[in-house]
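Okay, so here's the structure we're looking at.
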Protein chains: 6
Amino acid sequence: MIFITRRERFNAAHRLFRKDFSDEKNLEIFGKCSNPNWHGHNYELFVTIKGEIDPETGFLLNLKQLSKLIKDRVIEKIDHKNINIEVDFMEGKFASTEVLAVSIWDQIEADIRIYGAELHAVKLFESENNYAEYFGK
Amino acid sequence: MIFITRRERFNAAHRLFRKDFSDEKNLEIFGKCSNPNWHGHNYELFVTIKGEIDPETGFLLNLKQLSKLIKDRVIEKIDHKNINIEVDFMEGKFASTEVLAVSIWDQIEADIRIYGAELHAVKLFESENNYAEYFGK
Amino acid sequence: MIFITRRERFNAAHRLFRKDFSDEKNLEIFGKCSNPNWHGHNYELFVTIKGEIDPETGFLLNLKQLSKLIKDRVIEKIDHKNINIEVDFMEGKFASTEVLAVSIWDQIEADIRIYGAELHAVKLFESENNYAEYFGK
Amino acid sequence: MIFITRRERFNAAHRLFRKDFSDEKNLEIFGKCSNPNWHGHNYELFVTIKGEIDPETGFLLNLKQLSKLIKDRVIEKIDHKNINIEVDFMEGKFASTEVLAVSIWDQIEADIRIYGAELHAVKLFESENNYAEYFGK
Amino acid sequence: MIFITRRERFNAAHRLFRKDFSDEKNLEIFGKCSNPNWHGHNYELFVTIKGEIDPETGFLLNLKQLSKLIKDRVIEKIDHKNINIEVDFMEGKFASTEVLAVSIWDQIEADIRIYGAELHAVKLFESENNYAEYFGK
Amino acid sequence: MIFITRRERFNAAHRLFRKDFSDEKNLEIFGKCSNPNWHGHNYELFVTIKGEIDPETGFLLNLKQLSKLIKDRVIEKIDHKNINIEVDFMEGKFASTEVLAVSIWDQIEADIRIYGAELHAVKLFESENNYAEYFGK
């Protein structure tokens, strides 16, 4: 069993809030992250997959294929976008790093199985000081 | 003459566009950075000042003072904000990295002189691949 | 189950030695780290907690709360201090990265439970080339 | 149980290819990594070992010893070398990051046991975007 | 006058040597960098240009254009290549970081003038510990 | 004219204070950096030299020579030491980053001339957020 990881990046706007809260209540719970005019981040995404090394190629999976899969299923939908209002796989969800990490997992897990590998971890940095990791249920 | 540099960070939303352009024209000129729903970045700001070492302290300037000045004049106004619509020193300007670097210079230059030092450079990273620098006129 | 990590930093002096050893013996066992006049490091601390995402907020735990907890229980006691002689939670212990990681775990584990999350890992960098990790007993 | 990690670096040339494939077929499968004239990388290697803290020293293992072991068994054989043609422990193998990580594991595992610790992970970065990890069979 | 910088990366094999020296003499002068079987690096390239901000766009130059120019003139010719034997703009030259930085300058300087900006600096990292900078004659 | 830079690192303890001040006054002026029990840092040092490329080697100066010079004249004297009390070239000086950068310049400038190059800059990071630069008088 070997593990390989691919890093991809995206820049997006978001806001942490609940529609059923007032701006004041959102500020109290979510702090400056609730700013109604949005703020944003350079997100760094690390996708780790696991499986056996293919004796024909020395690869678990060609990283170009893994990169393309992440770009098709995640980056093209979220890069230079507003996470709260125009990313289909985040519709109706909190735009927190935790929820985003789980949602990215759900976007790519099945496709990675098609390639004969298994998704192991989604690690998402919102800043140099904060990240969330999800390893599946 | 010695130079000291302080790094500060802020997260903000922005959009590159002209009001007098259609969304199509903005997309043509500014690419995905023109997204009307905004996107955002983790900005890294490096402020460099120069002057003589104070023989009483061994400092050019206490970095806590420099940090406080940058926070008061720049970070508190722009962090977790939308650069295009709620940052006073960016009003009516393009929210490009170049213009932002010049505007940050204008925000802090006079105050640094008060401390007996001189502003040398404002270096602003929009991403790990792009930055702008301004050294004054 | 989701995992979130918060990075905090501190600068401290320390020395690796045993009181019951001569300076020569300490030098033999601990090398230049045993310098009786101390040396120091910029430590980077990564605290990882795990638990369920709160459906009311989209958070496992608000990272400001986690940051405050780490600051109150660890950073304020050790930052700009001498680890061997003035940090209460290191009293009578070796000031090695390994022992420091375990001691930081002991400082924060119970408090993280109060917030409804569980401490998963303490990862402590002494330099860009060395780090220790502790996952509990 | 404590975990400590040592980072070491090496620069090497390599090529991904199969001798039984034509250059065209190698290009199709391995892309530009199959260039017959070689290319190269700055590899970053993180070796993680685990075990109990020695109550006599506060160490799991003196990192100088771990560093020396990695240098003797891995770095001196591969640094500034061509991985495909002059590294004994890679003879007859694919020069992929996956295979290299496993081979480095095999080079050091037994020696680490001699020191009373256990090898936990070999993590090998080929670039800032790609890495492989091996935790043993 | 504003300065903007774009980072690009490439991986390449090279060797430091003189054809008119024996392998022994090359080893004496160039050390392990003279290995006849090549070694390689992940190079990081920072290209800085200067000029006036365009009042129509807020840009000195659209960074996509700068990135494309660097890719067309430099990266496509050198990435995953052997610098000594298959990079046209390095033919007959030493493959040192210094010479490479100057040669990259010569590859792009004229083209940047076409865009109305001026090349200010080429900064080339061969490793995290070494880089060369060239500012023109 | 080409510029090359070598990075070296050292870990040291220090304290910012004046002997003629009380501990209270030192705390007021120098903050927690005045702790009488010392604190410390991982310093990162970047030494930049300039000159002409040697047509015989393609080098400005062999970086091994530059590295050895910095190690002999600076690193061996300061690494794992207490800057205030056991570093000969800091005797009687403030242990601030500014003064340290100037003092490192004075330690190496003459020796670099012997090699036919010229010292251009000493850049010294005390932390990821602070650095001093000195370019000579």
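The values are calculated or read from the model by the stated rules, or taken from the named source; none is laboratory data. Only a predicted model underlies this, so the values are computations on that prediction, with no experimental measurement involved. Glycine also receives a Cβ, built like all others from the backbone with ideal geometry; neighbour counts cover every protein chain displayed. Just the protein is used for accessible areas: all its heavy atoms, side chains included, with ligands, DNA and RNA removed. Shrake-Rupley method; radii C 1.70, N 1.55, O 1.52, S 1.80 Å.
Among the residues of region B:1-16, those identified as facing chain A (nearest Cβ under 9 Å) and out of contact with any helix residue (DSSP H, G or I) (no Cβ under 6 Å at 6 or more places or on another chain) are B:Arg9, B:Asn11, B:Ala13.
Among the conditions (1) outside any helix (DSSP H, G or I); (2) within 14 Å of chain E (Cβ to nearest Cβ); (3) open to solvent by 30 Å² or more (accessible area, probe 1.4 Å), the only one that D:Lys19 does not satisfy is (2). Just one residue in the set E:Glu133, E:Glu109 is of a type in the set (D, E, K, R) and at the interface with chain F (Cβ under 9 Å from one of its Cβ atoms); that residue is E:Glu133.
Taking A:Ala101 as the residue in question, decide whether it is more than 14 Å from chain B (Cβ to nearest Cβ) and more than 27 Å from B:Phe125 (Cα to Cα). So A:Ala101 does not fit the description; no. Contact map, region C:30-59: first residue within 18 Å of C:Glu128 (Cα to Cα) and more than 9 Å from chain F (Cβ to nearest Cβ), second residue open to solvent by less than 20 Å² (accessible area, probe 1.4 Å) and small (Gly, Ala, Ser), Cβ cut-off under 8 Å, separation 6 or more or different chains; pairs are C:Phe46/C:Ala121; C:Val47/C:Ala121.
C:Phe94 meets each of the listed conditions (1) of a type outside the set (Gly, Ala, Ser); (2) touching a His at 6+ places or on another chain (Cβ under 9 Å); (3) closer than 28 Å to D:Phe46 by Cα apart from (2). Of the helices (runs of 4 or more DSSP H) lying entirely inside region C:22-114, those containing at least 2 residues that are among the aliphatic types (A, V, I, L, M) and open to solvent by less than 20 Å² (accessible area, probe 1.4 Å) are C:63-70, C:97-114. Which numbered condition trips up C:Val122, out of (1) in contact (Cβ under 8 Å) with a residue 60 or more places away in the chain; (2) open to solvent by less than 20 Å² (accessible area, probe 1.4 Å); (3) under 16 Å from F:His39 (Cα atoms)? Condition (3) is where C:Val122 drops out. In the set F:Ile75, F:Ile70, only one residue is within 14 Å of chain C (Cβ to nearest Cβ), touching a residue at least 60 places away in the same chain (Cβ under 8 Å) and of a type outside the set (Asp, Glu); that residue is F:Ile75.
The set of residues in region E:1-10 being within 14 Å of the chain's Cα centre (by Cα) and open to solvent by 20 Å² or more (accessible area, probe 1.4 Å) consists of E:Arg6, E:Arg9. Please go through region F:57-87 and give me each residue that is over 19 Å from F:Trp105 (Cα atoms) and of a type in the set (Gly, Ala, Ser), ordered by number. Passing the criteria: only F:Gly58.
Among the residues of region B:34-56, how many are out of contact with any Phe, Trp or Tyr (no Cβ under 6 Å at 6 or more places or on another chain) and farther than 25 Å from A:Glu44 by Cβ?
Residues flagged as out of contact with any Phe, Trp or Tyr (no Cβ under 6 Å at 6 or more places or on another chain) and farther than 25 Å from A:Glu44 by Cβ within region B:34-56 amount to 8.
Residue count for region F:68-102, restricted to those that are aromatic (Phe, Trp, Tyr) and within 11 Å of the chain's Cα centre (by Cα): 1. Return a yes/no flag: does region B:118-134 have any residue that is part of a helix (DSSP H, G or I) and farther than 20 Å from E:Ala121 by Cβ. There is no residue in region B:118-134 that is part of a helix (DSSP H, G or I) and farther than 20 Å from E:Ala121 by Cβ.
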